[in-house]
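The values are calculated or read from the model by the stated rules, or taken from the named source; none is laboratory data. Just so we're clear, the structure is a prediction, and the values are computed from it rather than from any experiment. Methodologically, a virtual Cβ is constructed for each residue, glycine included, from the backbone with ideal geometry; neighbour enumeration extends over all protein chains shown. In case anyone asks, the SASA skips ligands and DNA or RNA and just uses the protein heavy atoms, side chains included. Shrake-Rupley method; radii C 1.70, N 1.55, O 1.52, S 1.80 Å.
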Amino acid sequence: MTKTITLAQGNGGEENNELIKKVFYKAFKNEILERSEDAAVIGNLAMTTDSFTVSPLFFAGADIGKLAVCGTCNDLAMMGAQPKYLTCSVIIEEGFEVESLERIVESMRSELAINGAVVVSGDTKVVPKGSVDKIFINTTGLGEIVQAGISSNNVSEEDVILINRDIGCHGATIFAAREGMEMSSTLKSDCNSLYPQVKALMDAGVRITAMRDATRGGVAAVLNEWARQSNVCIEVEEEKIPVSDEVKGICEMLGFEATALANEGTFVLAIHKDSAAKAIEILKSFEVCAMASRVGEVTQKYPQKVILKSPWGTSRFLETPNGELLPRIC
């Protein structure tokens with residue numbers, strides 16, 4: 001590991017994993033933390049925390065406020081928990097416009113209502129100009145587990161892999177906004193609260209093994225984490241991974257891999273084979289999930305590896321992303 005912190009160590013990929021394991025896991029080692037879930041399960045409660053530093057603050061489809069609530073509530077939803085209570089801490093740069101702050105807080109309020117959650121505690125700090133870039137937000141969430149036993153450590157050959165919608169929209173949108181690219185399309189961030197989709201699946205009795213929202217590091221990071229945690233091989237059909245034409249265009253132009261782009265309303269599911277068709281049907285009842293797809297299966301071909309199978313009969317390992325593709329994505 002490097003002697004000083006690099007941007008790559010915040011990418012959600014290989015360098016980020018190494019930093020967490022060698023510094024934070026080493027210091028804070030305990031059974032709950034080592035399960036490496038989206039949220040800690042404590043009895044019938046789930047708990048998670050997240051910080052948001054996205055640049056720009058306002059972008060097509062969302063802003064840092066909506067992102068903060070979605071990010072925390074979605075981590076709770078991935079553990080089968082209904083979001084209930086959040087804390088909100090903000091670090092604001094001197095000179096930040098009150099009107100912009102009010103827009104951000106209103107976005108948070110609207111998204112909290114969708115999740116049925118409330119902010120019950122918080123903290124505000126104002127720092128001198130130049131000490132922080134406009135505003136950073138931290139949110140901690142507590143949720144009540146509705147369906148127990150969902151875990152990325154339990155993926156097995158009885159499961160298939162689903163994705164709820166087209167991937168890479170958030171990463172592509174942030175890049176376009178940051179670089180000032182004029183897009184003659186409707187590309188926008190997928191930032192969205194996932195609990196309504198998860199609740200619909202649970203209410204229908206879908207047999208869910210694991211769920212994870214594909215944020216930093218994208219779908220590639222999620223699949224590799226699951227393969228390692230559950231000691232399985234995940235084989236994915238490349239042509240079945242849903243990618244919009246707009247995202248494909250940006251990836252082809254800039255050499256990005258759509259599977260490594262960040263998402264904020266896209267999640268990967270390991271579903272028991274018997275429930276896969278029902279799960280796809282339920283997901284497609286949501287407008288944003290029109291491209292929901294079964295993309296792969298779980299095997300023991302190469303344990304702890306992810307195989308990406310092309311339409312032409314070739315295959316390669318899909319590795320955990322490394323390097324820093326796009327800092328301050330969330």
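Worth pointing out:
- Among (1) among the hydrophobic types (A, V, I, L, M, F, W, C); (2) in contact with a Gly (Cβ under 7 Å, 6 or more places away or on another chain); (3) farther than 21 Å from residue 55 by Cα; (4) part of a loop (DSSP other than H, G, I, E, B) - the single one residue 234 does not satisfy: (4)
- For residue 205: the one exception among (1) surrounded by fewer than 19 Cβ atoms within 10 Å (Cβ to Cβ); (2) modelled with pLDDT of 95 or more; (3) in a helix (DSSP H, G or I): (3)
- Residues of the range 246-275 that are touching a residue at least 12 places away in the same chain (Cβ under 8 Å), within 21 Å of the chain's Cα centre (by Cα) and not in a loop (DSSP other than H, G, I, E, B): 246, 247, 250, 251, 258, 259, 260, 267, 268, 269, 270, 271.
- Residue match in the range 169-179 (condition: touching a Ser or Thr at 6+ places or on another chain (Cβ under 8 Å), among the hydroxyl-bearing types (Ser, Thr, Tyr) and either open to solvent by less than 10 Å² (accessible area, probe 1.4 Å) or in contact (Cβ under 8 Å) with a residue 40 or more places away in the chain (or both)): yes
- Residue match in the range 3-11 (condition: in contact (Cβ under 8 Å) with a residue 24 or more places away in the chain and within 16 Å of the chain's Cα centre (by Cα)): yes
- Positions within the range 20-43 being in contact (Cβ under 8 Å) with a residue 60 or more places away in the chain and not in a loop (DSSP other than H, G, I, E, B), in sequence order: 35, 41
- Every listed requirement among (1) at pLDDT 95 or above; (2) hydrophobic (A, V, I, L, M, F, W, C); (3) over 26 Å from residue 36 (Cβ atoms); (4) part of a helix (DSSP H, G or I) is met by residue 243 save one, (4).
- Scope the range 112-168; condition of a type in the set (Lys, Arg) and out of contact with any strand residue (DSSP E or B) (no Cβ under 8 Å at 6 or more places or on another chain); matching residues: 165
- Flag if residue 298 is out of contact with any strand residue (DSSP E or B) (no Cβ under 7 Å at 6 or more places or on another chain) and either buried (at least 18 other Cβ atoms within 10 Å of the Cβ) or under 20 Å from residue 199 (Cβ atoms) (or both): no
- When 193, 156 are checked against the criterion of being at pLDDT 95 or above and open to solvent by less than 10 Å² (accessible area, probe 1.4 Å), a single residue qualifies: 193.
- Flag for residue 140 being under 24 Å from residue 263 (Cα atoms) and part of a strand (DSSP E or B): yes
- Where strands (runs of 3 or more DSSP E) fall entirely within the range 44-132, those with at least 3 residues that are under 22 Å from residue 216 (Cα atoms) and open to solvent by 40 Å² or more (accessible area, probe 1.4 Å) are at 45-52.
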